[in-house]
Amino acid sequence: MNKSIAVTGAFGYSGSHIARLLLEAGHKVLTLTNSPKPTHPLANQIVVRPFNFDDPKQLVESLRSCGTLINTYWVRFDHKAFDHSTAVKNTLTLLSAAKQAGIERIVHVSITNPEEGSPLPYFHGKGQLERAVRESGIPHSILRPAVLFGDGDILINNIAWALRRLPCFGVFGDGNYKIQPIHVSDFAALAVREAFEAGNRTIEAIGPETFTYRELAETIGRIIGCKRPVFSVPPLLGYAVARTIGWIQQDEFVTREEIAGLMQNRLFVEAPPAGTTRLTEWAKANTNLLGRTYANELSRRTCSDHKDRSMMAVD
Ligand SMILES: NC(=O)c1ccc[n+]([C@@H]2O[C@H](COP(=O)([O-])OP(=O)(O)OC[C@H]3O[C@@H](n4cnc5c(N)ncnc54)[C@H](OP(=O)(O)O)[C@@H]3O)[C@@H](O)[C@H]2O)c1
């Protein structure tokens, strides 16, 4: 009997694209998720299980029917309700459960330039987890996207959103640090391809275009018909503006750690592209969509969505 493929967060952003491709190719998909979403278009084709991070035996049982685990699980920033250190602990629990359940291959999603020695919790945690995946003994592919774009993305959409609404656009510092966005469908195709590879691989999951942050803002502004003066601002001032936007939207627009990661050029690597879709072409084809509404990370994480409360600490 063909085993299922476990995809974390199959109703989330990259997870839903990955799950859709697997289903289209005739595979059985099981998801581990905080957000069951019974009305999601894929919901009736997927076996849904809670993460059960606080009940590892249940987690092992959930994974027993699966041969491969595609792991997208992570949190974007530290918040009163969730944080990177808990996400690291939970992912270690997931890896251990995968081993006990007999998972034969892991596709693990990381980020460009993870580093255990980094003071930035995102890159530090991703570095810890890459090591854990390598030490698990389970054949694996580690995928390192810089940033994902496409319908439903957050960063690229919200840059466009800001360009549509503000008279000018500030970049943190000189704005010359780089970013290499990959389209979410290209990324999903890569994850699915790697699910059927053998051996251990680490892939820089970047798209075909590299922008400086300044060029990215200028390019998106031009494409959506909102050309704004783009100027340098001290990072702290930029963060203060981001806080204000976040306060208005009840979200984190961009965190101090994300600004530091950008400015350290962590979303840039010297590597061949793994995706083919050009952000510029996609944006031109989606001018009417891009940045029309604000993409709110925290509203995607409301308590009502979450059956697994292990990440939802009490205030
Ligand atoms: N999006 C990007 O631009 C980008 C850039 C670089 C690297 N990555 C990496 O790509 C992977 C997937 O990213 P994505 O944007 O597709 O993620 P996502 O769909 O928002 O979430 C992926 C998984 O993590 C869980 N999750 C996310 N935030 C959480 C929180 N605050 N509390 C509890 N669970 C949470 C989701 O839970 P549910 O099951 O409840 O949905 C889902 O299972 C991540 O490992 C990320 O680090 C993403």
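Only the coordinates and a few stated rules stand behind these numbers; no lab work does. All values derive from a computational prediction rather than experimental measurement. All Cβ positions, even for glycine, are placed from backbone atoms using ideal geometry, and neighbour counts span all protein chains on display.
Could you tell me the center-to-center distance, by alpha carbons, between the stretch 222-245 and the stretch 63-96 in angstrom?
Using only Cα atoms to place each centre, the spacing works out to 33 Å.
Taking 29 Å as the cut-off for C-alpha to C-alpha distance, list the pairs among LYS28/LYS178; LYS37/LYS227; LYS37/LYS178; LYS178/LYS227; LYS99/LYS126 that go past it.
Beyond 29 Å between Cα atoms: LYS28/LYS178; LYS37/LYS227; LYS37/LYS178.
With only Lys, Arg, Asp and Glu charged, each at its Cβ (+1 for the first two, -1 for the last two), find how big the charge dipole of the chain is about the Cα centre; round to the nearest 20 debye.
The calculated dipole for the chain is roughly 480 debye.
Given the rule -39500 (n - 2.57) for each run of at least 4 DSSP H residues, summed and divided by the residues of the chain, what is its mean residue ellipticity at 222 nm, to the nearest 500 deg cm²/dmol?
-11500 deg cm²/dmol
What size of dipole, in debye to the nearest 20, comes out for the stretch 202-295 about its Cα centre when the only charges are +1 on Lys and Arg C-beta atoms and -1 on Asp and Glu C-beta atoms?
The dipole of the stretch 202-295 has a size of about 400 debye.
Per residue, how big is the convex hull around the C-alpha atoms of the stretch 157-224? Give it to me in cubic angstrom, could you?
Taking the convex hull of the Cα positions in the stretch 157-224, it is 104 Å³ per residue.
What distance in nm separates the two pseudo spin-label positions at LEU289 and LYS37, each 7 Å out from Cα along the beta-carbon direction?
1.5 nm
Give me HIS40, HIS79, HIS108 sorted ascending by neighbouring Cβ count inside 10 Å, so fewest comes first.
HIS79, HIS40, HIS108
Kindly state, to the nearest 0.05, the FRET efficiency for THR244 paired with GLU24, given R0 = 45 Å and r defined as their beta-carbon distance.
Plugging the Cβ-Cβ distance into 1/(1 + (r/R0)^6) gives 0.55.
Once you've got the GNM for the chain with C-alpha springs shorter than 10 Å, pick whichever of LEU63, LEU120, LEU262 has the biggest mean-square fluctuation.
Taking springs between Cα atoms under 10 Å, the residue moving most is LEU120.
Give me the extension gain from ASN44 to ARG256: residue separation times 0.36 nm, minus the current Cα-Cα distance, reported in nm with one decimal.
72.4 nm
Pairwise over distinct Cα atoms, reciprocal of the mean inverse distance: report the Kirkwood radius of the stretch 1-87 in Å, one decimal place.
Value: 13.4 Å, from the Cα pair sum.
Could you work out how much longer the chain between ASP55 and SER96 gets when fully extended? Use 0.36 nm per residue separation minus the Cα distance between them, nm to one decimal.
13.5 nm
Over the stretch 45-175, what is the percentage of antiparallel beta bridges among all DSSP beta bridges, to the nearest 5?
Around 10 percent antiparallel, to the nearest 5.
Using the basic label-point model (7 angstrom from Cα toward the beta carbon), what is the LYS80 to GLU116 distance in nanometres?
For LYS80 paired with GLU116, the spin-label model returns 3.4 nm.
Over the stretch 1-152, what relative contact order in percent results from Cα pairs under 8 Å that are six or more residues apart?
Relative CO of the stretch 1-152 lands at 20 percent.
Is there a quick way to get the dipole size of the stretch 81-152? I mean about its Cα centre, with the Cβ of Lys and Arg at +1 and of Asp and Glu at -1; what is the value in debye to the nearest 20?
Magnitude of the dipole: close to 160 debye.
Quick one: which residues, 5 or more positions from ILE70 or on another chain, have an amide H under 5 Å from its amide H? H modelled 1.01 Å from N in the peptide plane, none for Pro or chain starts.
ALA6, VAL7, THR8, VAL107
For the chain, what ratio Rg/Rh do Cα atoms give with a Kirkwood hydrodynamic radius?
0.95
Report the chymotrypsin sites (Phe, Trp or Tyr not before Pro) located in the stretch 15-95 that are in a DSSP loop and have at most 15 other Cβ atoms inside 10 Å of their Cβ, or state none.
Loop-located and lightly packed - none at all.
Which three extents, in angstrom, do the Cα atoms of the stretch 1-50 have along their principal axes, listed largest first?
28, 18, 17
Sorting TRP247, TRP282 on the 10 Å Cβ count, fewest up front, what's the list?
Ranked by crowding around the Cβ, least crowded first: TRP247, TRP282.
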